[in-house]
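In what follows, a structure is listed as structure tokens, so that the remarks can point back to it.
The values are calculated or read from the model by the stated rules, or taken from the named source; none is laboratory data. This one's a predicted model, so the numbers in the text were calculated from it and none came from an experiment. Methodologically, a virtual Cβ is constructed for each residue, glycine included, from the backbone with ideal geometry; neighbour enumeration extends over all protein chains shown. These accessible areas exclude ligands, DNA and RNA; they are computed on the full protein's heavy atoms, side chains included. Shrake-Rupley method; radii C 1.70, N 1.55, O 1.52, S 1.80 Å.
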Amino acid sequence: MTTVLNNDLKSATEILRALAHPLRMKILSFIDKQKKINVNKIYNSLKLEQSITSQHLRILRNADLVETSRDGKFIFYSVNYDKIKSVNAAIASFLDKE
């Protein structure tokens, strides 16, 4: 297995691990539907505690699955579609080589 493919798979594994939690999938899906949304609306709309929402958003940010932008005192979240596409490509490439 080439080093590049191995690195891509390692990255994909970390991202899939971040997606493995049902609540993170729910949050990511909600962000996807809204396109761009701030954390207050996420936890209020999903009826979650702010601290729990922040913890899960941190994991999604660390996996580079969401992007952030600031507008005044608000931080807005959006889905990083490029990252998701690259993970899909890495997995597809791996499966094609097997």
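What to note about this one:
- Shape index of the chain: Rg/Rh, with Rg the Cα radius of gyration and Rh the Kirkwood radius from the inverse mean 1/r over Cα pairs, equals 1.05.
- The lysines whose alpha-carbon is closer than 28 Å to the alpha-carbon of Lys36, local same-chain residues fewer than 8 away aside, are Lys26, Lys47, Lys73, Lys83, Lys85.
- The label-point distance for Asn88 and Glu14, in a model that sets each label 7 Å from Cα toward Cβ, rounds to 2.2 nm.
- Once the Cα atoms are used to define both axes, helix 22-34 deviates from the longest principal axis of the chain by about 70 degrees.
- Per residue, in Å², the accessible surface of the chain once ligands and nucleic acids are set aside, probe 1.4 Å: 66
- Rolling a 1.4 Å probe over the protein heavy atoms of the stretch 2-72, with every protein chain left in place, gives an accessible area that is 49 percent carbon and sulfur.
- Toward the positive end of the charge dipole of the stretch 38-98, with +1 on the Cβ of Lys and Arg and -1 on the Cβ of Asp and Glu, the farthest Cα among His56, Phe74, Leu95 is that of Phe74.
- The modelled label-to-label distance for the pair Lys73/Leu23, using points 7 Å beyond Cα in the direction of Cβ, is 2.6 nm.
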